[in-house]
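A.B. asks: The structure follows.
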Amino acid sequence: MLRLSRGIPASVCALAAILLVLATVDVSRAQNPGEPIGEIVVEGVQRIEADTVRSYLTFRTGDRVTDADLDESLKRLFQTGLFADVVLRREGNRVVVKIVENPIINRIAFEGNLRIDDDILRDEVTLRPRVVYTRSRVQSDMLRIIEIYRRNGRFAARVVPKVVQLPQNRVNLIFEIHEGDPTDVRRITFIGNARFSDGELRDVIQTKETGFFAFFSGGDVYDPDRLAFDQELLRRKYLNSGYADFRVVSAVAELTPDRDAFFITFTLEEGKTYRFGKIEVTSALRDLDVTAVAQEVGIEEGDLYSAEDVEETAGALTDAVGRAGYAFVDVNSKIERKRADRIIDVTFEVKEGPRVFVERLDIRGNLRTEDRVIRREFRLIEGDVFNTDLIRRARRDLRNLGFFEEVEIKNVPGSAPDQTVIETTVKERATGEISFGAGYSTSVGGLAEIGLRERNLIGKGQELGIRGQIAQREQQIELNFTEPYFLDRKLAAGFDIFTTARDYQRESSFDQRTIGFALRAGYPLAEDLTQRWRYTLRRDEITDVPANAAAAIAEQEGNSMFSSVRHTIEYDTTDSRFSPREGLIASWDHELAGLGGSVKFLKTEARGSFFVPLTDDITGNAGLGGGYVEGFGDDVRILDRFSLGARELRGFDAAGASPRDRATEDAVGGTWYYAGTFGVSFPLGLPTEAGMRARTFLDYGSTGIAGGGSPGVLDRSSLRASAGVGLTWASLIGPMNIDLGWPIQKESYDDTRLVRFTFGTRF
């Protein structure tokens, strides 16, 4: 009975009743599947068994099947990834399953990839031979390949997958790659920088603008990882310059519409500069002399704030407390920022740290290098007290070996709360080198060189090398070997075997031929102090002495046997061995000849150089050296005397400021000398990647013969000096150096040379 509701039209109520009846019929049909299934027929199978297909269905023979069962079974079959197409239909009391199998991949190939090797791409894609081919997985791998190229700075790269049909439903899958050109960085812009110019900040970051000099560094290709690191470099720059509130608001890389370049914009918020306020050291350790430890604090009230200085001071305090006998120490820097006064108070809190001991040293990744070569760079072993500073030094020493591309050291919990395991993971690099060289030097002329060198011989950390050099005025062959840990001690021992021929006709009217060998050993006396010993045995031959040569040279013509012991002490605190910016390097040498052989003398030399950063880019240096040699019985040979010239006094020729024979003007050398220099090194305003720096210098020195020498020798022992400018360029063909020096104090018989030029390369 249909009841009409008050206020609702009868037509609407009738329509609702009809829809209700139809819905009831549909539901009843879905819930009343009809007669049971008598047979399940599978059509289209090739490799896959029919029973395997049936196993994915939600029903079996004899079941009553609904439309919902068919839909669910269809989904399950597609989810297997085995089929390109599936159709399910009912025919009376049976269900027919018609399938089209996905093909099997026979081979995967890459075409057009010149910049990235097949092996790298093959490791990245998920598809493999004998795996089922699906379009979704091909699409996923295509995107993976594109991402690899983007990480390598090629955002214009395109990948087109191609399928070659084979018999038995197999395919060859080919990824056709169009690499495109590198996506360069066309412009780098900074917004919000007032303290540093755009040029100064571009020198700080690793990403570079496209240009001629950027070719040398490769930093002009866009790399998102490099861009992230650039933000950290900017942060360090500002935090170490007093800007404690500095932050990088954003770093946006915009790709041009043609996808061939990026415009990068850094938005900065500099904030205000801060200075150090009160600097205090507090201690919770019993009986610790805080006043003595506080001497290690290298920052003072009023200094410009630097996060790096705070870090270094905390490390220095940790070392000082450790030397005082406290093994378990933790130094925290507590910073209190006073924004109104723009000062930062720093309190270094010395507390007792957790008692942790080294349970085990684990080493991984060294396929060639022996474990002991790595272990000996650690200054702690199993059972020692864990020390973060020693771990930091071990990481530095391992990197300085030059055997590894990457060194990662981390500590993980051990078997007990007071135990830790130090895990060291290294990635080895090639340590064998073959080098060919070519160049020019004003001292020896044009030169060519070939060398073979292995710095990690059979994984034992030993070094073996052979080098040959042919120049217009010098020929040399040398074989050397070094064992850095002789007798399992930090004792670098080795030997050199050499033969040399040198033309001294221009300076002193003779030629020299030498053959011999040397034994050497060196070991550290302290952190920055090294002691070395060297024994040399060689045969010297003076030949081709003209009839009008100086008497001092003529009397030395012929053979002599040289046997000497040399002792050196060196102190080095410089930040770089090759291009120091700060620190001191000083050495003191003694050489005693006469332990056998025909040459007898005692030679002493002392040298020192001091470097100091005048600004962020400008470095000042001062150096001074001197020496004295005294013969036993006979006069000191010319070969063993001091020659003052181009190396010490730029603006003079080789041996150009040495004592000379009055008649022939041949340089005969001096028995004493001193030489010094003052210099300033600075950039030329070019991008850092250009590798160019200029310098100004003032050189001075003198040499002479003790006692004034003989009347036939020009030896005024007066001060010589020169001044000039120079340029260093780390070019693609090797390091190039040019110095223009003008003598400002000289003698009439000195030989001068305006230009001193060297260049060369090894490849």
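The values are calculated or read from the model by the stated rules, or taken from the named source; none is laboratory data. Quick caveat: nothing in here was measured; it's all calculated off a predicted structure. A quick note on method: Cβ atoms are made from the backbone with ideal geometry, for glycine too, and the neighbour counts reach across all protein chains shown. Accessible surface is based on the protein model in full, side chains and every heavy atom, while ligands, DNA and RNA are left aside. Shrake-Rupley method; radii C 1.70, N 1.55, O 1.52, S 1.80 Å.
A.B. asks: Could you check the stretch 322-352 and list, in sequence order, the residues that are under 34 Å from the mean Cα position of the chain (by Cα) and among the polar types (S, T, N, Q)?
C.D. replies: Those that are under 34 Å from the mean Cα position of the chain (by Cα) and among the polar types (S, T, N, Q): ASN332, SER333.
Rundown of residues vs (1) of a type outside the set (Phe, Trp, Tyr); (2) modelled with pLDDT of 95 or more; (3) assigned to a loop (DSSP other than H, G, I, E, B); (4) out of contact with any helix residue (DSSP H, G or I) (no Cβ under 6 Å at 6 or more places or on another chain), yes/no style:
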| site | (1), (2), (3), (4) |
| --- | --- |
| THR482 | yes, no, no, yes |
| LEU487 | yes, no, no, yes |
| LYS490 | yes, no, yes, yes |
| ARG502 | yes, no, no, yes |
| GLU507 | yes, no, no, yes |
| ALA521 | yes, yes, no, yes |
| GLU527 | yes, no, yes, yes |
| ARG532 | yes, yes, no, yes |
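A.B. asks: Quickly run through the stretch 538-554 and pick out the residues that are in a loop (DSSP other than H, G, I, E, B) and surrounded by 15 or more Cβ atoms within 10 Å (Cβ to Cβ).
C.D. replies: VAL545, ALA549, ALA550
A.B. asks: Go through the stretch 242-263 and count every residue that is in contact with a Leu (Cβ under 7 Å, 6 or more places away or on another chain) and open to solvent by less than 40 Å² (accessible area, probe 1.4 Å).
C.D. replies: Going through the stretch 242-263 one residue at a time, the tally reaches 6.
A.B. asks: What number of residues within the stretch 322-332 are open to solvent by 40 Å² or more (accessible area, probe 1.4 Å) and either at pLDDT 90 or above or touching an Asp or Glu at 6+ places or on another chain (Cβ under 6 Å) (or both)?
C.D. replies: So the answer is 1.
A.B. asks: Still on this structure: Suppose we filter ASP345, ASP362 for residues that are in contact with an Asp or Glu (Cβ under 6 Å, 6 or more places away or on another chain), modelled with pLDDT of 90 or more and surrounded by 15 or more Cβ atoms within 10 Å (Cβ to Cβ); which single one remains?
C.D. replies: Residue meeting the stated conditions: ASP345.
A.B. asks: Still on this structure, I have one more. Which ones in the stretch 78-133 are of a type in the set (A, V, I, L, M, F, W, C), more than 23 Å from THR52 (Cβ to Cβ) and not in a strand (DSSP E or B)?
C.D. replies: Hits for the stretch 78-133 are LEU114, ILE116, ILE120, LEU121, VAL125.
A.B. asks: Can I ask one more? Return the residue satisfying two criteria in turn: it lies in the stretch 298-321 and is small (Gly, Ala, Ser) and part of a loop (DSSP other than H, G, I, E, B), and of such residues it is least open to solvent (accessible area, probe 1.4 Å).
C.D. replies: Of everything passing the filter in the stretch 298-321, SER306 is least open to solvent (accessible area, probe 1.4 Å).
A.B. asks: Could you pull out the residue among GLY81, GLY153, GLY62 that is under 30 Å from TYR222 (Cβ atoms), among the small types (Gly, Ala, Ser) and in contact (Cβ under 8 Å) with a residue 12 or more places away in the chain?
C.D. replies: Exactly one residue qualifies, and that residue is GLY153.
A.B. asks: Let me ask something additional. From the list SER563, SER587, which residue is over 30 Å from PHE697 (Cα atoms), part of a strand (DSSP E or B) and either more than 24 Å from the chain's Cα centre (by Cα) or without any contact (Cβ under 8 Å) to a residue 40 or more places away in the chain (or both)?
C.D. replies: Residue meeting the stated conditions: SER563.
A.B. asks: Filter the stretch 382-404 for residues that are touching a strand residue (DSSP E or B) at 6+ places or on another chain (Cβ under 7 Å), under 26 Å from GLU311 (Cα atoms) and either aromatic (Phe, Trp, Tyr) or outside any helix (DSSP H, G or I) (or both) and give the result.
C.D. replies: Within the stretch 382-404, ASP384, VAL385, PHE386 qualify.
A.B. asks: Ok, one more. Right, TYR571: open to solvent by 20 Å² or more (accessible area, probe 1.4 Å) and in contact with a helix residue (DSSP H, G or I) (Cβ under 8 Å, 6 or more places away or on another chain) or not?
C.D. replies: no
A.B. asks: Could you list, in sequence order, all residues of the stretch 264-275 that are in a strand (DSSP E or B) and touching a Leu at 6+ places or on another chain (Cβ under 8 Å)?
C.D. replies: Correct list: ILE264, PHE266, LEU268, ARG275.
A.B. asks: Shifting gears a bit: Would you be able to say whether some residue in the stretch 287-297 is assigned to a loop (DSSP other than H, G, I, E, B), at negative phi, of a type outside the set (Val, Ile, Thr) and open to solvent by 60 Å² or more (accessible area, probe 1.4 Å)?
C.D. replies: So far as the stretch 287-297 goes, yes, one or more of its residues are assigned to a loop (DSSP other than H, G, I, E, B), at negative phi, of a type outside the set (Val, Ile, Thr) and open to solvent by 60 Å² or more (accessible area, probe 1.4 Å).
A.B. asks: Still on this structure, please answer the following. Would you check if ALA109 is in contact (Cβ under 8 Å) with a residue 40 or more places away in the chain and either touching a helix residue (DSSP H, G or I) at 6+ places or on another chain (Cβ under 8 Å) or not basic (Lys, Arg) (or both)?
C.D. replies: yes
A.B. asks: Quick check on this structure: which one of ARG144, ARG94, ARG115 is touching a helix residue (DSSP H, G or I) at 6+ places or on another chain (Cβ under 9 Å), open to solvent by 70 Å² or more (accessible area, probe 1.4 Å) and touching a residue at least 40 places away in the same chain (Cβ under 8 Å)?
C.D. replies: ARG115 is the lone residue from the list that is touching a helix residue (DSSP H, G or I) at 6+ places or on another chain (Cβ under 9 Å), open to solvent by 70 Å² or more (accessible area, probe 1.4 Å) and touching a residue at least 40 places away in the same chain (Cβ under 8 Å).
A.B. asks: (1) open to solvent by less than 40 Å² (accessible area, probe 1.4 Å); (2) over 30 Å from GLY432 (Cα atoms): which one isn't true of PHE378, the others all being true?
C.D. replies: Among (1) open to solvent by less than 40 Å² (accessible area, probe 1.4 Å); (2) over 30 Å from GLY432 (Cα atoms), the lone unmet condition for PHE378 is (2).
A.B. asks: If you don't mind, there's one more thing I want to ask. Go through the stretch 618-649 and give me each residue that's of a type in the set (A, V, I, L, M), closer than 29 Å to GLU582 by Cα and in a strand (DSSP E or B).
C.D. replies: If the condition is that a residue be of a type in the set (A, V, I, L, M), closer than 29 Å to GLU582 by Cα and in a strand (DSSP E or B), then ALA622, LEU624 are the ones that fit.
A.B. asks: What do you reckon, is VAL346 in contact (Cβ under 8 Å) with a residue 60 or more places away in the chain, β-branched (Val, Ile, Thr) and more than 16 Å from PHE386 (Cα to Cα)?
C.D. replies: Criteria met by VAL346.
A.B. asks: Filter the stretch 692-708 down to the residues that are closer than 22 Å to PHE611 by Cβ, in contact with a Ser or Thr (Cβ under 7 Å, 6 or more places away or on another chain) and open to solvent by less than 30 Å² (accessible area, probe 1.4 Å) and list them by number.
C.D. replies: PHE697, ASP699, listed by residue number.
A.B. asks: Out of VAL426, VAL412, I need the residue that is without any contact (Cβ under 8 Å) to a residue 12 or more places away in the chain, of a type in the set (A, V, I, L, M) and open to solvent by less than 50 Å² (accessible area, probe 1.4 Å). Which one?
C.D. replies: Selected residue: VAL412, the only one of VAL426, VAL412 that is without any contact (Cβ under 8 Å) to a residue 12 or more places away in the chain, of a type in the set (A, V, I, L, M) and open to solvent by less than 50 Å² (accessible area, probe 1.4 Å).
A.B. asks: Quick one: count up the residues across the stretch 222-241 that are over 30 Å from ASP181 (Cα atoms), part of a helix (DSSP H, G or I) and either polar (S, T, N, Q) or open to solvent by 30 Å² or more (accessible area, probe 1.4 Å) (or both).
C.D. replies: 3
A.B. asks: If we scan the stretch 284-296, do we find a residue that is touching a residue at least 60 places away in the same chain (Cβ under 8 Å) and of a type in the set (Asp, Glu)?
C.D. replies: No, the conditions are met nowhere in the stretch 284-296.
A.B. asks: Restricting attention to the stretch 359-381, report how many residues are assigned to a helix (DSSP H, G or I), touching a strand residue (DSSP E or B) at 6+ places or on another chain (Cβ under 6 Å) and of a type in the set (A, V, I, L, M).
C.D. replies: The qualifying residues number 1.
A.B. asks: Could you list, ordered by first residue, the pairs with Cβ atoms under 7 Å in which the first is in the stretch 519-538 and farther than 15 Å from GLY494 by Cβ and the second is in a strand (DSSP E or B) and of a type in the set (Asp, Glu), at least 6 apart or interchain?
C.D. replies: ASP528/ASP572
A.B. asks: Here is a further query. Looking for something outside any loop (DSSP other than H, G, I, E, B), open to solvent by less than 50 Å² (accessible area, probe 1.4 Å), in contact with a strand residue (DSSP E or B) (Cβ under 8 Å, 6 or more places away or on another chain) and modelled with pLDDT of 85 or more - is there at least one such residue anywhere in the stretch 463-473?
C.D. replies: yes
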